[in-house]
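Note sheet for the following structure.
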Amino acid sequence: MATAPLGRKIRVLVVDDSALMRQLLTDLLSHDPAIQVVGAAPDPYAAVEKIKRLAPDVLTLDVEMPRMDGLTFLDKLMRAHPMPVLMVSSLTRRGAETTLRALELGAVDFVAKPTIDLKSGTLDLAGEIVAKVKAAARARVKVKPHAASAAPAAPVASLRGEALIRSTHKVIAIGASTGGTEALREVLEAMPCDAPGIVIVQHMPARFTESFAQRLDGLCQIRVHEAKDGDHVLPGHALIAPGDFHMSLQRSGATYAVRVTSGDPVNRHRPSVDVLFDSCAHYLGGNAVAAILTGMGADGARGLLAMRNAGARTVAQDEASCVVFGMPKEAIALGGAECVEPLDRIAATLLRMAASDGFVLGQRSVSPGGAAA
């Protein structure tokens, strides 16, 4: 659901108990001609009144506030008045865990508040904050179910017989950004314990990916870890690129392992989906299956096309189920997506592709009839 009609400014309400942070966010957002800060509130109680009176398109919300914490307020807000929310969180382990809970409750995205020199650090993030507010204004916000009625995705049936044999040499690569934490949770919860090895890039800063991986590990049948350099890609395991590091694939004897490196950002991101997908195209060819999920921008679109050209099977999440239809849209436009599926069918599609009847010849997927796929 797009909240800001075309042709008018995005109306933003800033909610933060820090007067300095309220002023910093107001000033940097107001500098963009497409954004209008319509008000600021020091706590959720004041925010409720201003939401009713000012009808903002996007809320920026501090995680830790007096009188009512950000999570409690967000939970109430998303049930009574769903709207795009951008969380402002701290770069700490506790901040990461709280932020992941906020995304689960329905927040569109988050920005990490600098821990040193708040003023200059926030100004350095101006471009990111503005971009995320604009993405939030275009995001689809769904009413969150009550906890008692919310159920995890039912796992896809385990692979059996020939399908299991065919999938043991396959690797599933997934890229995601805005809205991706919950999308990945849904996909990975549906993976059976004998799923092919999975490698993932989710745009996320350092310190957050470890908490994210641990959260998923506790929810899924497969094991989920934050990747370390040299980790092998194993069936029944998923490796998530650590924040602020690129992750790529390399051949390691008869198996595959990941490289975790620094290097310059690619498409303004580190980790970058394109870095992962390009390495999969080079080293895996037809042994790869890939999905590009919800997210703003175009990171991963070119890499998905490279994978498809190398013989990989590829899928993109459809517009209706995306929080932000950016990365999948660009991948589809380039021709990198073999098919387009809603989020609740992505896991089954990936497993079906991994267990397909084609066999691998070099780096091209070849069908039983001999034609290159």
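Does Gln221 count as in contact with a helix residue (DSSP H, G or I) (Cβ under 7 Å, 6 or more places away or on another chain), surrounded by fewer than 18 Cβ atoms within 10 Å (Cβ to Cβ) and more than 18 Å from Ala96 (Cβ to Cβ)? When the stated conditions are applied, Gln221 does not pass them.
Taking region 190-218 as the range and being at pLDDT below 95, in contact with a helix residue (DSSP H, G or I) (Cβ under 6 Å, 6 or more places away or on another chain) and in a loop (DSSP other than H, G, I, E, B) as the test, only Arg207 passes.
Residue-by-condition table, conditions (1) surrounded by fewer than 22 Cβ atoms within 10 Å (Cβ to Cβ); (2) within 21 Å of Arg185 (Cβ to Cβ):
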residue	(1), (2)
Thr255	yes, no
Val266	yes, no
His269	yes, yes
Val275	no, no
Cys280	no, no
Leu293	no, yes
Leu334	yes, no
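Restricting attention to region 228-269, the residues being among the basic types (Lys, Arg), at pLDDT 95 or above and either in a loop (DSSP other than H, G, I, E, B) or over 21 Å from the mean Cα position of the chain (by Cα) (or both) number 1.
Taking every residue in region 175-194 that is under 18 Å from Arg270 (Cβ atoms) and pairing it with any residue that is in a helix (DSSP H, G or I) and charged (D, E, K, R), at least 6 positions away or on another chain, the pairs with Cβ-Cβ distances below 8 Å are Thr178/Lys132; Thr181/Glu104. Residues in region 123-152 that are of a type outside the set (A, V, I, L, M, F, W, C) and at pLDDT 75 or above were compared, and the one that is surrounded by the most Cβ atoms within 10 Å (Cβ to Cβ) is Lys132. So which residues in region 298-313 are in contact with a strand residue (DSSP E or B) (Cβ under 8 Å, 6 or more places away or on another chain) and surrounded by fewer than 24 Cβ atoms within 10 Å (Cβ to Cβ), if there are any at all? Hits for region 298-313 are Arg308, Ala310, Gly311. Would you say Val187 is crowded, with 16+ Cβ neighbours inside 10 Å, outside the structural domain of Ser18 (by TED's automatic domain parsing), at pLDDT 95 or above and part of a strand (DSSP E or B)? It is false that Val187 is crowded, with 16+ Cβ neighbours inside 10 Å, outside the structural domain of Ser18 (by TED's automatic domain parsing), at pLDDT 95 or above and part of a strand (DSSP E or B). Of all residues in region 38-69, those that are part of a strand (DSSP E or B) and surrounded by fewer than 22 Cβ atoms within 10 Å (Cβ to Cβ) total 3. Against the test of being within 26 Å of Ala137 (Cβ to Cβ), in contact with a Ser or Thr (Cβ under 6 Å, 6 or more places away or on another chain) and in contact (Cβ under 8 Å) with a residue 12 or more places away in the chain, the options Gly300, Gly311, Gly326, Gly243 yield a single qualifying residue, Gly243.
The values are calculated or read from the model by the stated rules, or taken from the named source; none is laboratory data. Quick caveat, the model's predicted, so the values are computed rather than measured. When we count neighbours, we look across all protein chains shown, and the Cβ atoms used for this are built from the backbone with ideal geometry, even at glycine.
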